[in-house]
Amino acid sequence: MAYSLQDVINLRRMMDQSQADPRQKRIEQHKLAAMLGLCELISCRRQALVGYFGDAMAKPCGNCDNCLDPPTPWDATIPAQKALSTVYRTGQRFGVGHLVDVLLGADSERIQQLGHAKLSTYAIGQELTAEQWRGLYRQLIALGYVDLDPEGHGGLRLNPSCGPLLRGEQSLQLRPPVDKARQKAQKRADQQQPFDDPQDLQLWEELRQQRLALARAEDVPAFAILTNASLIELVELRPQNMQQLGRISGIGQRKLERYGPDLLQILRRYPPSAARQARAPSKPQPPPGLTETAQSSLELFNQLGDLELVAERRQLKSRTVLSHLTSAMELGLLSLEKLVDLPREELDAIEAALLEQGDEARLTPVFEQFQGSYSYEQLACVRASLNARTRG
């Protein structure tokens, strides 16, 4: 399944320049799209493979890499919008290298000469590394959202199919962007056992097997049942009843009712020591209107002051944490200034544009009105702050 951005570009270019008849080209393009789709898949590969040949599997195979080590889906909607907007605003004629430089705010002579430092998408992509942006462009090309320059110069142009995604009418779930430095660190960590104590390690393995069994029974990836962070917390705290189990991060009311009895059956064979019980947290009840998981995100954000760090620490998507924080903001529990650093006159302009939208206050028209000068995250925060004041 290993392939690079250049592989995709070369294969697309070879097909475009082929002298084959149009029907044969369509067949080859369909085969390439299916192969790339299989490479980028985040669900069971065997299900997709047999489906391609007209057969069907009722449940995931449980043996492919995605079943054994399920990738956490990455909500790539906003990064993809940034990547596509950069293709459009640079004139749909530049290659990936230049587009990544624009997104990262590179101060190169070429960018200055072309005036691309003045674009609204200049330096808006610093949440990802250059390698991660190249990986995202690779997936956008593989999925058909971006086409290659027919002249063969390596430039990218938008495919009409990207319209709904670019306008915010469609979301995009992809494999998480690869960060090789973090990947190496994680690999080193994975080579070590998560626990030194033999009893902890035994409980860890039993919980993992139970998670896999529940995932297969419900035909969902293992992470959809419980994340590794939740399993580690279960091992460390060893809750013995439903109330204690509900205090574990990642176990809301629905999961508590659905998986609680099975988990407790295992956990009760490993009663906590007095020292463990003393470490068990006593969670305060969240304010009315705020969920427990949103309260956890808010408390961690107040400690760390960085949304991305909160998402990483809680093993959640950044977009999920943002929704938690905007919910808190609408309840008056978080100030706009802690999330958005913009001059007051610019905030006033955004608020005026949101008010023009009426009760719905959709973000996409406002994003387009300001020509992408403000991210969707910033607009969502301003809207939440505005809602807090109007409701108050």
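The values are calculated or read from the model by the stated rules, or taken from the named source; none is laboratory data. Please read all numbers here as calculations on a predicted model, not as lab measurements. Cβ coordinates were reconstructed from backbone atoms using ideal geometry, including for glycine residues, and neighbour counts include every protein chain displayed.
Residue count for region 213-253 under the criterion of being among the small types (G, A, S), more than 22 Å from the chain's Cα centre (by Cα) and closer than 18 Å to P60 by Cβ: the result is 2. Here P177 meets each of (1) farther than 23 Å from L99 by Cβ; (2) modelled with pLDDT under 80 with one exception, condition (1). Only residues that are on the phi > 0 side of the Ramachandran plot and either without any contact (Cβ under 8 Å) to a residue 40 or more places away in the chain or not in a loop (DSSP other than H, G, I, E, B) (or both) were counted across region 326-346, and they come to 0. Suppose the filter is aromatic (F, W, Y) and closer than 22 Å to E169 by Cα; does Y88 pass it? Considered against the rule, which asks whether it is aromatic (F, W, Y) and closer than 22 Å to E169 by Cα, Y88 comes out as yes.
Each row is one residue, and each column tells you yes or no for (1) surrounded by 20 or more Cβ atoms within 10 Å (Cβ to Cβ); (2) touching a residue at least 12 places away in the same chain (Cβ under 8 Å).
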{"position": "D348", "(1), (2)": "no, no"}
{"position": "A352", "(1), (2)": "no, no"}
{"position": "G358", "(1), (2)": "no, no"}
{"position": "F370", "(1), (2)": "no, yes"}
{"position": "C381", "(1), (2)": "yes, yes"}
{"position": "A384", "(1), (2)": "yes, yes"}
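Here Q265, Q240, Q277, Q295 are screened, and the one residue that is exposed (fewer than 13 other Cβ atoms within 10 Å of the Cβ) and either modelled with pLDDT of 80 or more or part of a helix (DSSP H, G or I) (or both) is Q265. Sub-8 Å Cβ pairs linking a first residue in region 78-93 that is on the phi > 0 side of the Ramachandran plot to a second residue that is among the hydrophobic types (A, V, I, L, M, F, W, C), at least 6 apart or interchain, are Q92/L156; Q92/L158, ordered by first then second residue. When region 341-364 is filtered for residues that are modelled with pLDDT of 85 or more and among the small types (G, A, S), the ones remaining, listed by number, are A349, A352, A353. When each of K317, K283, K338 is tested for being surrounded by fewer than 18 Cβ atoms within 10 Å (Cβ to Cβ) and modelled with pLDDT of 85 or more, the lone residue that passes is K338.
Kindly establish whether P60 is closer than 30 Å to Y376 by Cβ and not hydroxyl-bearing (S, T, Y). Judged against the criteria, P60 is not a match.
Only one of the listed residues (L304, L300, L290, L256) is under 27 Å from the mean Cα position of the chain (by Cα), modelled with pLDDT of 85 or more and not hydroxyl-bearing (S, T, Y). That residue is L256.
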